[in-house]
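Everything on this sheet refers to the single structure shown next.
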Amino acid sequence: MIYYILVGSILSAKIFLKEITTIFKEQLTNEQITASTVRLIGEDGEQLGVMPIEKARQIAENEGLDLVLMSGNSNPAVCKIMDYGKYRFDSIKREKELKKNQKIVELKEIQLTMRIDQYHINFKLKNAQKILQDGDKVKVSLRMKGREQAYSKNAVEVVENFVNALSEFGSVDKKPEIVGRNVIVVINPKKTK
């Protein structure tokens with residue numbers, strides 16, 4: 001956690017906390033490693049063999065690099081000679097790139113009624129097309145009110161017609177299902193290459 005302190009005037013000081021969240025897992029280095037013997041890997045990936053920890057630390061120190069514990073669960077523990085600061089920086093940079101390139105798929109809902117007219121269906125179809133083209137999922141729900149529950153087949157038909165009109169932009173895993181007073185279906189976007 002990194003703390004930034006900004007002092008506004010002599011009488012008042014404001015403290016702003018900013019936590020850098022990364023998935024990077026800190027690894028044990030140099031004196032933190034408690035294993036008695038280690039399997040040592042050189043900076044270029046060369047196997048240097050199994051040796052006592054003191055000798056491994058000495059080799060790393062002579063090269064001006066760090067001894068980093070790569071796998072503490074194996075017997076003997078596996079350590080690598082590297083510039084730990086550079087390794088950590090590159091790992092965090094890689095994680096940020098992966099997060100930046102990640103697309104989070106959202107589920108957006110479109111609500112219909114049994115007595116919806118064609119103008120409103122066209123309007124909602126246009127909105128659903130935009131959502132699917134953006135790569136998000138669409139949840140289509142139709143709520144039946146009062147006596148409409150007796151005509152649930154008609155409600156399913158309205159939803160199926162809506163889904164069929166979107167078949168060019170998305171696909172459905174399951175047929176529309178009746179859940180209580182609602183008819184629900186989820187439309188997945190088609191994969192674009």
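Of the residues making up the range 134-168, just one is under 19 Å from residue 124 (Cβ atoms), open to solvent by 60 Å² or more (accessible area, probe 1.4 Å) and of a type in the set (Ser, Thr, Tyr), namely 167.
Only one of the numbered conditions (1) in a loop (DSSP other than H, G, I, E, B); (2) at pLDDT 50 or above; (3) of a type in the set (S, T, N, Q) is violated by residue 58, and that is (1). Does the range 89-101 contain any residue that is in contact with a Gly (Cβ under 9 Å, 6 or more places away or on another chain) and open to solvent by 50 Å² or more (accessible area, probe 1.4 Å)? Checked against the condition, which is being in contact with a Gly (Cβ under 9 Å, 6 or more places away or on another chain) and open to solvent by 50 Å² or more (accessible area, probe 1.4 Å), the range 89-101 yields no hits at all. Among the conditions (1) under 30 Å from residue 52 (Cα atoms); (2) modelled with pLDDT of 90 or more, the only one that residue 88 does not satisfy is (2). No other residue among 164, 154, 127 is modelled with pLDDT of 85 or more, farther than 21 Å from residue 106 by Cα, under 32 Å from the mean Cα position of the chain (by Cα) and not small (Gly, Ala, Ser) apart from 164. Under the condition of being of a type in the set (S, T, N, Q) and modelled with pLDDT under 90, the residues counted in the range 134-151 number 1. Among the residues examined, residue 91 qualifies as at negative phi and either under 25 Å from the mean Cα position of the chain (by Cα) or of a type in the set (D, E, K, R) (or both). Residues in the range 36-45 that are touching a residue at least 12 places away in the same chain (Cβ under 8 Å) and either in a strand (DSSP E or B) or open to solvent by 30 Å² or more (accessible area, probe 1.4 Å) (or both): 36, 37, 38, 39, 40, 41, 43. None of 50, 68, 105 is under 30 Å from residue 166 (Cα atoms) and either among the aliphatic types (A, V, I, L, M) or surrounded by 12 or more Cβ atoms within 10 Å (Cβ to Cβ) (or both) except 105.
Contact map, the range 101-127: first residue within 14 Å of residue 140 (Cα to Cα) and touching a residue at least 60 places away in the same chain (Cβ under 8 Å), second residue β-branched (Val, Ile, Thr) and outside any loop (DSSP other than H, G, I, E, B), Cβ cut-off under 6 Å, separation 6 or more or different chains; the map is empty.
Across the range 169-193, the number of residues qualifying as under 15 Å from residue 111 (Cβ atoms) and either touching a residue at least 40 places away in the same chain (Cβ under 8 Å) or open to solvent by less than 40 Å² (accessible area, probe 1.4 Å) (or both) comes to 7. Consider residue 89 carefully, then state whether it is under 21 Å from residue 159 (Cβ atoms) and in a helix (DSSP H, G or I). No: the conditions fail for residue 89.
The values are calculated or read from the model by the stated rules, or taken from the named source; none is laboratory data. Since the model is a prediction, treat every value here as computed from it, not as a measurement. With ideal geometry, Cβ positions are generated from the backbone for all residues, glycine too; neighbour counts draw on all protein chains shown. Just the protein is used for accessible areas: all its heavy atoms, side chains included, with ligands, DNA and RNA removed. Shrake-Rupley method; radii C 1.70, N 1.55, O 1.52, S 1.80 Å.
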